[in-house]
1. Which value, in debye to the nearest 20, gives the size of the charge dipole of the chain about its Cα centre, when Lys and Arg are +1 and Asp and Glu are -1 at the Cβ?
2. Could you tell me which residue out of LEU35, GLN92, VAL47 lies farthest along the dipole of the chain toward its positive end? Charges go on the beta carbon: Lys and Arg +1, Asp and Glu -1, centred on the Cα centre.
3. For region 1-104, which whole percent of the accessible surface, found with a 1.4 angstrom probe, sits on carbon and sulfur atoms?
4. Which percent, nearest 5, of DSSP beta bridges in the chain are antiparallel?
5. Placing unit charges on C-beta atoms (Lys and Arg positive, Asp and Glu negative, everything else neutral), compute the dipole magnitude of region 134-219 about its Cα centre in debye, rounded to 20.
6. Name the residues whose placed amide hydrogens come within less than 5 Å of the amide hydrogen of LEU6, ignoring near sequence neighbours (fewer than 5 apart) on the same chain.
7. Can you pull the percent of Cα pairs in the chain with separation above 21 Å?
8. Run the 1.4 Å probe and let me know the accessible area of VAL129, rounded to the nearest 10 Å².
Amino acid sequence: MRLILLGPPGAGKGSLAVMLRDRWGLTHLASGDLLREAVRAKTPLGVQAEAFMTRGALVPDTLVTAMMLERLRGVPTTEGFILDGFPRTVAQAEALDQVLQAAGAPVDRAVCLETAPEMIERRLAGRRVCRSCGMNYHVRRMPPAREGICDRCGGPLEQRADDRPATIRQRLQVDAAQAAPLVAHYRQRGVLRTVNGDLDVPDLFAQLTAQFTQEGLLA
Ligand code: AMP
């Protein structure tokens, strides 16, 4: 299954993607994780992207699109994938459509997690992320068994620099400007599904798994 997760930062896309990946063996490509990796490794892309990310702005389309399409080329056509955080703009979506259509493997579903803004601010401020495997936690809603340590791989948990209040507000504004045209893009293609992002991630996972299995997209 070729799946795109849409929704504001903190809607739960990352946690949901990890559950779907682990259960269904799909490749999970998160543009934010890949960009943070590039920043840490100080690659040319990372050096260019860092200033945009630190202030909560979008990294230019050309850079992100090239990075994601390059990663997608490495995914065997028989294997499904989940894109999380990409596309973020209609230009990115169009570039992606072109490549997937040429490969005869278009997007099956774009799922938009609709979430109340107050909920998002609370989730992002309490979010902690495993530096090694990318698993997300929340200091109150989903704490790890041992403080600061990932349950899954034992890696260190950290707060993202852009999960601080001033940057969170900037990211939410940027997202609000991009969200409607992106949702309209996938609605027009008949692949959009909306779900209630205020639900806990395991409930969302169960709901989507049931729906996609029934539709024959997961087996
Ligand atoms: P995320 O982890 O998805 O919240 O992304 C963190 C940051 O990476 C964003 O605030 C942007 O600066 C950048 N970023 C991630 N994905 C994209 C994208 N598809 N287009 C542009 N910038 C992106």
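The values are calculated or read from the model by the stated rules, or taken from the named source; none is laboratory data. Only a predicted model underlies this, so the values are computations on that prediction, with no experimental measurement involved. Note that each Cβ is placed from the backbone with ideal geometry, even for glycine, and that neighbours are counted across all protein chains shown. Ligands, DNA and RNA are excluded from the accessible area calculation, which covers all protein heavy atoms including side chains. Shrake-Rupley method; radii C 1.70, N 1.55, O 1.52, S 1.80 Å.
1. 400 debye
2. VAL47
3. Its accessible area is 55 percent carbon and sulfur atoms.
4. 30 percent
5. Working: 11 positive and 10 negative charges, 43 e Å.
Roughly 200 debye, rounded to the nearest 20.
6. Correct list: VAL111, CYS112, LEU113.
7. When every Cα pair of the chain is considered, 54 percent fall beyond 21 Å.
8. Per-residue accessible area (VAL129): approximately 20 Å².
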